[in-house]
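The structure appears right after this line, and notes come after that.
No value in this document is a laboratory result; all are computed from the given coordinates. If you're wondering where the values come from, they're calculated on a predicted model, not measured in any experiment. Counting neighbours? That spans all protein chains shown, and the Cβs are built from the backbone with ideal geometry, glycine included.
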Amino acid sequence: MSHTEDGEPLLAVDNLRTVFHSDREEIRAVDGVSFEIARGETLGIVGESGSGKSVTARSIMGLVDSPGEIREESSIRLDGRELTTLSEKQYRSVRGGDIAMVFQDPLSSLNPVYTVGNQIIEALELHRDMEGAEAKSEAIELLRAVGIPDAARRVDEFPHEFSGGMRQRAVIAMALACDPDLLICDEPTTALDVTIQAQILDLLQEIQAERDIGIMFITHDMGVIAEVADRVAVMYAGEVVERAPVEELFANPHHPYTQGLLQSIPGRNPSTDRLPTIEGDVPTPHESASYCRFVSRCPKGFDECERVHPAHVEVGDSADHTAACLLYPEDMPTDDTVTQHEENADQTGVEADEALSADDWPAAERNAGEDTSSVGSEDSDARADGGHGHSAGDSGGHRNGGDTDE
Amino acid sequence: MPGTAADTATEGTQMSESVVDTVSHQTGETLLDVQDLKTYYEDGGLLGGDPVKAVDGVSFEISRGETFGLVGESGCGKTTLGRTLIQLETATSGTVSFDGTDITELSGGDLKEWRRNAQMVFQDPESSLNDRMTVGEIIREPLDVHEQGTARERREKVRTLLDQVGLMPEHYYRYPHQFSGGQRQRIGIARALALEPEFVVLDEPVSALDVSVQAQILNLLEELQEEFGLTYLFIAHDLSVVRHICDRVGVMYLGNLMEVGPTEQLFQRPENPYTRALLSAIPEPDPTVQVDRITLPGSPPSPRDPPEGCPFATRCPVRIRPEDIDASDAVWDRIREFRDVIRERSRAEQSIGERLKERLGFDTALADSEEIVDEEFSDVDLPRDVREHVEQAATYLSDGDPDAARAYLREVFGGQCDTETPQYYDVDDGRMSFCHRHAQEHVSPGDELRRRGYDTHDG
């Protein structure tokens with residue numbers, strides 16, 4: 001997929017931390033997530049419920065309300081512009097204007113008392129200064145573009161008169177009304193039947209090809225990911241544990257969590273009698289990670305996993321394939337890898353890339369800005385997480401209750 | 001397949017034997033025989049109106065010890081069918097014979113007694129458990145209702161059940177909200193098994209769960225089936241789950257069974273056009289596989305107003321076309337879309353608000369028939385006869401009579417699929433498909449799909 005000419009990605013999320021405060025504790029819903037999305041590219045974000053996928057999306061949309069808070073060390077840049085420092089008013093023009101979002105349940109994003117047309121027209125008035133007949137004919141055009149037949153008539157219908165698939169099309173039309181650069185789809189087809197899902201996935205791909213927008217596609221369905229994504233980030237308990245181009249991820253998963261996730265899909269192994277499972281549930285992280293969050297469920301876990309937080313390292317053959325696991329880099333004995341992850345966590349004030357020999361991150365030099373920065377940024381997460389970094393003081397590192405293992 | 005499961009299922013005393021015999025759990029003996037079952041929801045409102053034909057003439061059998069899967073899109077009637085089988089809904093007509101007894105005839109004490117044999121696990125573990133009862137009370141409730149044993153025995157039984165579904169005895173006194181989705185579903189399963197039923201309807205038991213948890217529940221269901229010789233009706237829309245767990249599958253569409261047969265055969269060599277489309281629509285969890293998908297147009301019609309003839313006719317990619325019209329595939333596609341629009345309008349026209357508005361002189365956009373014709377057909381070359389027919393329909397439409405337009409289009413463009421209800425054809429060993437194209441005089445669905453440019457499942 002094409003990247004922007006100047007090397008600046010469309011969206012760059014760096015060390016995003018979104019926490020929710022309650023009386024007793026702090027929930028680290030998103031804990032140091034970094035990724036980038038280029039124009040015309042689809043990044044798939046996959047993970048179980050509670051892994052922080054949706055909070056990541058809402059953070060980008062500026063939709064995190066109290067008691068939620070985006071930590072100040074987080075950075076979200078759209079076309080080079082920092083979003084986390086925007087005022088609510090400034091954000092409003094970004095939201096809907098530059099970034100649009102499609103939610104899982106189309107009924108929750110449509111107002112039942114207004115016609116579908118009125119809701120699209122409202123978006124056009126707000127973001128594109130259109131009015132009256134012009135806005136209405138644009139609304140009809142948009143409905144047509146998303147494959148709603150007889151659009152001229154249906155524009156005056158209410159959401160309840162649309163079928164599920166049509167509603168999701170209407171929501172997509174609303175999202176497109178503002179001509180966004182980035183479309184965030186949060187489980188857009190989960191509530192739909194497979195034949196309708198197929199239509200919506202086709203539609204999203206057409207739209208992307210036509211308008212060259214970047215898509216962040218959140219889903220728990222590995223089948224959908226395989227189909228729509230160019231690159232994939234696998235999330236677990238608020239962190240990205242593995243990222244890779246889609247073919248590479250499915251052919252050659254490295255993180256034990258990704259491996260477990262892929263094995264537990266029934267369709268992939270029709271012949272097996274018993275499905276391999278990942279025992280237990282996703283933990284809710286309350287404290288900064290000084291250990292691997294997956295350790296309580298990991299079939300390959302060992303003692304060190306309890307005390308060293310893994311950093312992302314290059315794995316596999318593909319250049320931009322990284323996993324955060326103490327087992328890697330593969331060609332090293334485990335003792336050495338642990339030391340390396342540990343050292344990496346101990347480094348403060350030094351660029352993470354420099355902390356490790358260039359051999360271990362060969363791709364850092366080879367690839368253009370995008371990969372280097374994504375590897376580097378994730379490593380700096382580890383630094384802060386290790387509890388030794390400059391930001392550790394305010395990142396809640398005092399709460400080592402170990403309650404994530406429950 | 002011989003096995004002791006059948007005997008043990010009826011006689012709890014021999015249960016230990018079924019634990020030993022875990023290899024085969026199918027006996028081939030029919031447990032449930034469904035004949036021409038119909039369940040309609042009558043619209044008893046002031047205006048009368050057509051009933052919702054949720055299940056519209058379904059016949060199949062389930063053998064003892066097997067898992068029969070029901071798949072289909074939402075609204076196809078699979079849940080209603082499941083509920084009718086255990087008499088949570090009243091059948092409009094047809095029979096369901098369970099071990100030789102027609103249960104649609106049962107009532108009162110007999111029905112209550114029979115219900116011990118048939119239980120249900122519901123989809124949503126969030127809403128199917130009473131949050132104000134402890135887990136122990138929830139699982140014990142069926143035992144209390146059916147007055148099984150003494151209070152102490154019931155509590156003991158609940159503890160055994162908790163253990164069997166992978167929960168802890170101390171969970172007895174906890175409340176459902178203290179459990180995760182997977183654990184709640186385990187509670188639901190324990191409750192369903194409390195009365196030692198023979199037959200369990202599993203209504204989307206894993207669709208609300210994450211993949212890794214889903215696998216745990218599927219494994220549990222299989223273990224329990226082997227242990228207790230259970231017969232399952234497994235309702236799901238996730239086809240990969242069905243492929244994993246079911247012995248035989250029925251594919252439903254708009255209240256009808258489109259294809260029924262052994263799971264692997266059906267998944268590897270689907271025959272019915274709907275099954276083919278449905279299977280091709282599942283995204284493969286493998287990015288290197290290039291599926292040539294049969295993307296079905298539109299959405300399923302309303303079960304209140306199903307098409308005459310074949311229920312799938314409005315979306316079928318291989319619908320039989322009338323011989324007297326010679327048009328390209330592209331033109332036929334447009335004709336189908338045009339008919340969808342007209343059908344949609346005739347549906348919408350029935351709303352009272354619209355009629356009122358029309359009478360009061362508001363523009364209800366019904367008069368813009370030229371625009372629709374233009375929208376649909378502007379970029380294709382229409383043969384003369386087709387154009388004449390389309391214009392005729394447009395005239396009806398602009399006269400404010402979409403029903404007439406719909407009927408006219410059906411008359412001139414409808415083939416056998418629009419007029420005659422198909423019959424079931426034996427398409428493979430023990431597999432039936434509901435499609436006109438299996439008849440001698442027609443090209444088979446697979447060949448016709450290839451002819452129309454689809455790359456089909458069976459290559």
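Quick one: B:Asp102, A:Asp281, B:Asp292, fewest Cβ neighbours within 10 Å first, how do they rank?
Details: B:Asp102 14, A:Asp281 19, B:Asp292 11.
By the 10 Å Cβ count, ascending, the order reads B:Asp292, B:Asp102, A:Asp281.
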Distance in nm between pseudo-label sites at A:Glu125 and A:Leu86 (7 Å out along the Cβ direction from Cα): 2.2 nm
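Starting from the alpha-carbon convex hull of the stretch B:5-281, give the projected area averaged over all orientations, in nm². If you can, show how the numbers build up before the last one.
On the way: hull surface 63.6 nm².
Quarter of the Cα hull surface area: 15.9 nm².
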Once each part is reduced to its C-alpha centroid, what is the distance from the stretch B:217-275 to the stretch B:42-119 in angstrom? 18 Å
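Please give the contour-minus-distance gain from B:Arg116 to B:Glu441: 0.36 nm per residue of separation, less the Cα-Cα distance, rounded to one decimal in nm. Don't jump to the answer; show the numbers that get you there.
Values: separation 325, 0.36 × 325 = 117.00 nm, distance 4.92 nm.
Contour length minus the Cα-Cα distance gives 112.1 nm.
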If you count, for every residue in B:214-222, the Cβ atoms of partner chains within 10 Å of its Cβ, what is the mean? 4
Return the whole-Å distance between the Cα centroid of the stretch B:373-412 and the Cα centroid of the stretch A:96-122. 33 Å
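Rounded to the nearest 5, what % of the DSSP beta bridges within chain B are antiparallel ones? Write down the numbers at each step before the final one.
On the way: 28 of 46 bridges.
Counting only bridges with both partners in chain B, antiparallel ones make up about 60 percent.
Helix by helix through chain B, keep the DSSP H runs that span 24 Å or more along the axis on Cα and average at least 0.0 on Kyte-Doolittle, and give those back in order. Mind showing how you got there, number by number?
Numbers: long enough: B:211-228 (25 Å, 0.22); B:329-349 (30 Å, -1.23).
Counting only whole DSSP H runs, the qualifying helices are B:211-228.
So what is the relative contact order of the stretch A:1-141, in percent, for Cα pairs below 8 Å that sit 6 or more residues apart? Display every interim value, and only then the final one.
Numbers: 182 pairs, mean separation 31.3, N = 141.
Worked out over the stretch A:1-141, it gives 22 percent.
Taking the number of other C-beta atoms within 10 Å as the exposure measure, put A:Thr189, B:Thr134 in order starting with the fewest. Write out the running numbers ahead of the final one.
Details: A:Thr189 25, B:Thr134 16.
Starting with the residue having the fewest Cβ neighbours, the order is B:Thr134, A:Thr189.
Calculate the FRET efficiency for B:Tyr173 and B:Asp401 from the Cβ-Cβ distance with a Förster distance of 51 Å, rounded to the nearest 0.05.
Working: r = 67 Å, r/R0 = 1.31.
Once the sixth-power term is evaluated, E becomes 0.15.
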Tell me, how many Å apart are the Cα centres for the stretch A:213-259 and for the stretch A:145-202? 24 Å
The set of residues whose placed amide H lies less than 5 Å from the amide H of A:Val232, leaving out same-chain residues fewer than 5 positions away, is A:Gly44, A:Ala244, A:Val246
Relative contact order (percent) for chain B, with alpha-carbon contacts under 8 angstrom and 6 or more residues of separation? 16 percent
Could you give each residue of the stretch A:164-169 its phi-based ³J(HN,Hα) in whole Hz, using Karplus coefficients 6.51, -1.76, 1.60 with θ = phi - 60°, and x for Gly or Pro? x, x, 5, 4, 5, 4
Determine, for B:Asp403, A:Asp65, B:Asp305, the number of other Cβ atoms within 10 Å of each Cβ, and report the residues in order from fewest to most. A:Asp65, B:Asp305, B:Asp403
